[in-house]
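**Q** Starting off with a structure, shown below.
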Amino acid sequence: MTRLDHFISTSTELSRKEAKRAISAGRVHLDGQPCKSANIKISAAVEVTLDGQVCTLPGERYLMLNKPAGVVSATQDSDHPTALDLLPSDIAHTLHIAGRLDIDTTGLLLLTTDGQWSHRLTSPRIECPKTYRVSLSNPLTPEAARQLEQGLLLRNDPSPTRPAQVRMVEDKMIELTISEGRYHQVKRMLQRWVIMWRLCIAVALAASR
């Protein structure tokens, strides 16, 4: 079941506001009968016509977007451009983002009109793996890699992170694969490693004195 104005705006080039006007003007018919109620809910079995033309919903859309830095993973933002701002306006209003990347992070974003597919992809129960390529200021030590792969207890989190996969790309670059989506998780995991690395150096220096 879907609202009539939403159905019209999704199946035609009309905006939601324009669809409501068309309905109020008597241009929309349900199974041959005029309908002037924009909020009425209709089933898939109802034939909807606008100015005598049958309206049909388009198939679900699935898009891949290479998000640049400085763009937020949101549908609206008053301070920064959003991922949807990068798309043609006639399709952007029908899409939502499956998952998110931080504003300074670049890479793959998935956008869709399919709410069920998006939920399956982002649900914590599914544990969908996501791989991030990370540039580091210092090379990752074997011990740090083992800790990332075993799981880390992050500040203010009740439980350790799930085991991650670490692949060395270059001396100061790794690929980190995780299967959950905690707040700023990749940054916090690597910041945790930096803190532990500095503590180890401090302990080593203290022991040598």
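The values are calculated or read from the model by the stated rules, or taken from the named source; none is laboratory data. Computed from a predicted model, the values in this text were never measured in an experiment. Heads up, the Cβs are rebuilt from the backbone with ideal geometry, glycines too, and the neighbour counts pull from every protein chain shown.
**Q** Residues in region 30-42: is at least one in contact (Cβ under 8 Å) with a residue 40 or more places away in the chain and either of a type outside the set (Phe, Trp, Tyr) or touching a helix residue (DSSP H, G or I) at 6+ places or on another chain (Cβ under 6 Å) (or both)?
**A** From region 30-42, those in contact (Cβ under 8 Å) with a residue 40 or more places away in the chain are 41-42; that's our starting set.
Then keep just the ones that are either of a type outside the set (Phe, Trp, Tyr) or touching a helix residue (DSSP H, G or I) at 6+ places or on another chain (Cβ under 6 Å) (or both); that gives 41-42.
Within region 30-42, one or more residues are in contact (Cβ under 8 Å) with a residue 40 or more places away in the chain and either of a type outside the set (Phe, Trp, Tyr) or touching a helix residue (DSSP H, G or I) at 6+ places or on another chain (Cβ under 6 Å) (or both).
**Q** Still on this structure: Test each condition in (1) surrounded by fewer than 16 Cβ atoms within 10 Å (Cβ to Cβ); (2) among the basic types (Lys, Arg); (3) under 20 Å from residue 121 (Cβ atoms) for residue 21 and report the one that comes out false.
**A** Of (1) surrounded by fewer than 16 Cβ atoms within 10 Å (Cβ to Cβ); (2) among the basic types (Lys, Arg); (3) under 20 Å from residue 121 (Cβ atoms), only one is false for residue 21: (3).
**Q** Where in region 96-148 are there strands (runs of 3 or more DSSP E), lying wholly inside it, with at least 2 residues that are in the same structural domain as residue 165 (by TED's automatic domain parsing)? Full working, then the answer.
**A** Values: elements: 96-98, 107-112, 130-135.
Output list reads 130-135.
**Q** Would you confirm whether any residue within region 22-42 is closer than 23 Å to residue 118 by Cβ and under 33 Å from the mean Cα position of the chain (by Cα)?
**A** Taking region 22-42 and keeping what is closer than 23 Å to residue 118 by Cβ, we get 41.
Those left that are additionally under 33 Å from the mean Cα position of the chain (by Cα): 41.
Checking region 22-42: at least one residue is closer than 23 Å to residue 118 by Cβ and under 33 Å from the mean Cα position of the chain (by Cα).
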